[in-house]
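What follows is a single structure, written as structure tokens, with notes after it.
The values are calculated or read from the model by the stated rules, or taken from the named source; none is laboratory data. All values reported here derive from a predicted model rather than from experimental measurement. Glycine gets a Cβ as well: all are built from the backbone with ideal geometry, and neighbour counts include every protein chain shown.
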Amino acid sequence: MQNQAQKENQLPQWLEEQQRQSWQIEILIASGALFFLIKLPDFFKEYLLEAAQGTQLGSEFIILVVGGYMFSRALLIGFVINLILRALWLGLLGINFAFPKGIDFKKLQYSAYFHKKISATPSITERIIQLEKICSLSYSIAILITLMAVGIFLLLAVLFLFISYLAPAIDSPFYGYIFLILLVLMTLGIMDFLFFRLFRKSEIISKGYYPFYKLFGWLSLSFLYRKEWLTLISNVKPWKVYLLFAAYFLFALLITSNEMSNYVRFDYGLNLGLTESRKFSDLRNTFQAIRKNNYDNMLQANDKVASASLQAEVVKKGFVSFFVVYQKWFDPALERLFGRNKVVTDRDSLRRLKANALFANDSLIAKSLSNYFTVYIDRQKQEGPEWFFHQHPITEEKGFLTYLNIDTLAFGKHRMDLFLKVIQSDTLASGRYVSIPFFKE
């Protein structure tokens, strides 16, 4: 029976040859993927900002984006480690190729004591074989961690999709971290090891437990790597594997949370401040800051306005353009204002309007937008700015555009504040949305 199992697990000769040459494929894949993985977080950032403008983001969406970000970071860490180890391995291989006989103790003229001690350490050949095994494992572990991360965050997203409908009270980042930790423990098998070993060892109980075990495998995608995982923990002490994977997973999660917190607000975020420890750097979030996203002339390719932007930070006389990005969460207050002013927004109804009614409807839209947006310059309310639908020519974001007359402003620094309507306790209330400083020359 054992011989048959060994025969089944024995690789064909051609596959063994491929296995011996797998280091070439490892280096090729890892090197080629590095550039893609470094740039991938920028894609997630842009996608998240665009999605936030176009729809109401739920916890499940944020979880999937964070999971995708972590997937990229986990692979990046694994491939970098693998390339470093492979570089060291190739270095040892080169030394062994140049000097296959190893150390020439005669030329060193060491004492018998030193000779004995150095001879007791592994030879270059043994170190190459040992490092080869570590290199292969490092590559495999990176892939396993990535598959685990995808499965965990996919399952977490599905879980919070149900929570948002059935138990919205626990739809929060705090509970998200708790569920994440539990799913990590379950995926690694620690929960199974601590509490359910009896279920797998008992002949009777295991038959009832197996369907749940299999269901979790499908939901968490662990069926893709379960046998490989069992092979790993059965040949290495389980606690070492659990500790390594937990540390790897936690490290990737902390990096993800720290980097994403630069453009996503986490109420329970794990911002480590890895690259920023200056005490007053958060003052950049106040109005007393020049942010390039708030000025059209500073925008570059692939930048996003995200909130609002002025024509420039230094303006002259006449009119200055002011653009506000259309966010999904504007809709409830806008819908109430459109309804209050009896604005026709349905496309079929708009097609049936005659010219005079169409012009009147346009005026009602302008009136509603003027009621929704309120602009202050130096705490003075700006009367009568008319708003237009607009797509930003640089960022291609959809939004609203107006032109402000600054002829009467004095030379020097000024501050513009935008207030907009929000629904509070079933009534429309005004709240400050953005503040932008600028200078008139």
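Annotations
- With respect to being farther than 22 Å from LEU401 by Cα and surrounded by 12 or more Cβ atoms within 10 Å (Cβ to Cβ), LEU369 falls outside the description.
- One residue from PHE43, PHE71, PHE35 being within 20 Å of SER257 (Cβ to Cβ), surrounded by fewer than 20 Cβ atoms within 10 Å (Cβ to Cβ) and either touching a Leu at 6+ places or on another chain (Cβ under 8 Å) or at pLDDT 75 or above (or both): PHE43
- Test for THR408: is it in a loop (DSSP other than H, G, I, E, B), assigned by TED's automatic domain parsing to the domain that holds LEU337 and under 31 Å from the mean Cα position of the chain (by Cα): no
- Which listed residue, of ARG347, ARG336, ARG351, is at pLDDT below 90 and either closer than 28 Å to GLU50 by Cα or among the acidic types (Asp, Glu) (or both): ARG347
- Within the option set ALA312, ALA357, being assigned to a loop (DSSP other than H, G, I, E, B) and either surrounded by fewer than 19 Cβ atoms within 10 Å (Cβ to Cβ) or of a type outside the set (Val, Ile, Thr) (or both) holds for one residue only, ALA312.
- Among the criteria (1) charged (D, E, K, R); (2) modelled with pLDDT under 85; (3) within 21 Å of the chain's Cα centre (by Cα), the one LYS304 does not fulfil is (2).
- Selection from the range 203-242 of residues that are assigned to a loop (DSSP other than H, G, I, E, B) and either surrounded by 12 or more Cβ atoms within 10 Å (Cβ to Cβ) or among the polar types (S, T, N, Q) (or both): SER220, LEU221, TYR225, VAL236
Yes/no matrix, rows are residues, columns are (1) in the same structural domain as LEU254 (by TED's automatic domain parsing); (2) of a type outside the set (Ser, Thr, Tyr); (3) surrounded by 12 or more Cβ atoms within 10 Å (Cβ to Cβ); (4) closer than 30 Å to PHE36 by Cβ:
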residue: PHE79; (1), (2), (3), (4): yes, yes, yes, yes
residue: LEU88; (1), (2), (3), (4): yes, yes, yes, yes
residue: GLY94; (1), (2), (3), (4): yes, yes, no, yes
residue: PHE99; (1), (2), (3), (4): yes, yes, no, no
residue: PRO122; (1), (2), (3), (4): yes, yes, no, no
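- Matching entry among GLN56, GLN24 (being farther than 30 Å from ASN302 by Cβ and either assigned to a helix (DSSP H, G or I) or at pLDDT below 75 (or both)): GLN24
- Exclusive hit being in contact with a Gly (Cβ under 7 Å, 6 or more places away or on another chain), among the β-branched types (Val, Ile, Thr) and either within 22 Å of SER435 (Cβ to Cβ) or assigned to a helix (DSSP H, G or I) (or both), set VAL324, VAL375, VAL320: VAL324
- Within the range 242-264, the set of residues being under 15 Å from LEU188 (Cα atoms) and either touching a residue at least 12 places away in the same chain (Cβ under 8 Å) or not assigned by TED's automatic domain parsing to the domain that holds LEU156 (or both) comprises TYR242, LEU244, PHE245, ALA246, TYR248, PHE249.
- Close pairs from the range 24-51: first of a type in the set (Val, Ile, Thr), partner at pLDDT 75 or above, Cβ under 8 Å, at least 6 apart: ILE27/LEU83; ILE27/ARG86; ILE29/PHE79; ILE38/LEU76
- Helices (runs of 4 or more DSSP H) (entirely within the range 66-169) containing at least 1 residues that are of a type in the set (Asp, Glu) and under 30 Å from ARG226 (Cβ atoms): 124-166
- Conditions (1) in contact (Cβ under 8 Å) with a residue 40 or more places away in the chain; (2) in a loop (DSSP other than H, G, I, E, B); (3) hydroxyl-bearing (Ser, Thr, Tyr); number of the one not met by THR345: (1)
- For LEU183: the one exception among (1) surrounded by 14 or more Cβ atoms within 10 Å (Cβ to Cβ); (2) at pLDDT below 80; (3) over 25 Å from the mean Cα position of the chain (by Cα): (3)
- Of residues in the range 372-390 being surrounded by 13 or more Cβ atoms within 10 Å (Cβ to Cβ) and not aromatic (Phe, Trp, Tyr), the one farthest from ARG415 (Cα to Cα): HIS390
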